[in-house]
Amino acid sequence: MFNSNKFYAASPSCIKVCSLYLTTLEGTRNKEAKVSRVIAESQVSTIAIEKDFKIHGLALTSDGLKTKANPNDFVLVFLEVPEHNKISINELRIGDGALPPYQFNYRFIEWREYAARQVLNDPITKYQFVFDKDNMHIGVAQRKSMGFDIYYNGNFIDTATKRRNGE
């Protein structure tokens, strides 16, 4: 994913971030021709996630989520909180890394108030989400037991844990 001259890639346990700067090719007739500067591996920063937390996705905001206080796009990180097996949606804020050493200052900001539930030893195996035309987040988390949780506008709504009479 690309946002504000930064490239993001994630695995379940970390996020890799690197800055990409566009430069104009010298000697071309088309002054609009641009290429990205090659990034050496030493220019990539790693954001390690706390043990037992798991990344289930990244999303880039759209224009509808921008505010006067925060007019820029921002990255949302969908993390599983291990003791509740519940998704926590966090905005990832990254300051520009001094070049070199290419290290970024970052912080996670809870997107919605996190409401804990009873301890549930049923990890999430898959999380799917969309943003509708009004930029409302809608998500479904499937758990190991085949139960699922429903999320709307960044909030946990309900859970289904048992199957009864084929329902």
In segment 128-150, is there at least one residue being within 16 Å of the chain's Cα centre (by Cα), of a type in the set (S, T, Y), modelled with pLDDT of 85 or more and surrounded by 10 or more Cβ atoms within 10 Å (Cβ to Cβ)? no
Can you find even one residue in segment 107-126 that is within 20 Å of L92 (Cα to Cα) and modelled with pLDDT of 90 or more? no
Being in contact with a Gly (Cβ under 9 Å, 6 or more places away or on another chain) and modelled with pLDDT of 80 or more is the filter here, so list the residues in segment 88-105 that pass it. I89
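The values are calculated or read from the model by the stated rules, or taken from the named source; none is laboratory data. This structure is a prediction, so every number in the text was calculated from the model and none was measured. Don't worry about glycine lacking a Cβ; one is built from the backbone with ideal geometry, like all the others, and counts go over all protein chains shown.
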